[in-house]
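K.L.:
Before I ask anything, let me first share the structure, which is written out below as structure tokens.
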Amino acid sequence: MYAVMSPEPPQERRFRRPYLGPLRDHLLAEIHALDLELREAAEVTTTAHIPISARADYLRAQDAHRRATISWSAARGRHELRAVSDALRQCRTALGSTRASLGGR
């Protein structure tokens, strides 16, 4: 009875991609926002008189941001978007550590 009421055959419904538009848009906005924060941090971390830990944390943040950007481009499902979210969280954490190491510069 279900097949009679359905407008499309069951095999077509099974392969439809889930609608992830708002989630993808949100993650892209986060990627752009963190890109701006990374640019601001780049100006401070390029000087010679900063702790090495601040520079290392900045490079970790930059690496996590790159992973998030690449993962976002390749993501096709909710599971893959979780990898983007995890990379963005790592980026935020590393940026926070950079700021803490710099002590308000």
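Readers should treat all values here as calculations from the given coordinates under stated rules, not as data from a laboratory. Please read all numbers here as calculations on a predicted model, not as lab measurements. Heads up, the Cβs are rebuilt from the backbone with ideal geometry, glycines too, and the neighbour counts pull from every protein chain shown.
K.L.:
If neighbour count is taken as other Cβ atoms inside 10 Å, put Glu40, Glu30, Glu80 in order from fewest to most.
P.N.:
On the way: Glu40 10, Glu30 19, Glu80 13.
Ordered from fewest to most neighbouring Cβ atoms within 10 Å, Glu40, Glu30, Glu80 come out as Glu40, Glu80, Glu30.
K.L.:
Give, rounded to the nearest 20 debye, the magnitude of the charge dipole that the range 19-102 has about its Cα centre when Lys and Arg contribute +1 at Cβ and Asp and Glu contribute -1 at Cβ. Mind dumping the intermediate values first?
P.N.:
Working: 12 positive and 10 negative charges, 55 e Å.
In total the dipole reaches around 260 debye.
K.L.:
Treat the count of other C-beta atoms within 10 Å as a stand-in for reagent exposure and order Ile31, Ile52 from fewest to most. Please list the in-between numbers first.
P.N.:
Values: Ile31 18, Ile52 8.
Placing the least packed residue first, the sequence is Ile52, Ile31.
K.L.:
How are the alpha carbon pair distances in the range 49-105 distributed across 5 Å bins from zero to the largest one, expressed in percent?
P.N.:
The percentages, shortest bin first, are 4, 24, 24, 17, 12, 9, 6, 3, 1.
K.L.:
Turning to a different aspect of this structure: Suppose R0 equals 25 Å; then what is the FRET efficiency for Thr46 and Glu80 from their Cβ-Cβ distance, rounded to the nearest 0.05?
P.N.:
Numbers: r = 33 Å, r/R0 = 1.34.
Efficiency, from the Cβ-Cβ distance: 0.15.
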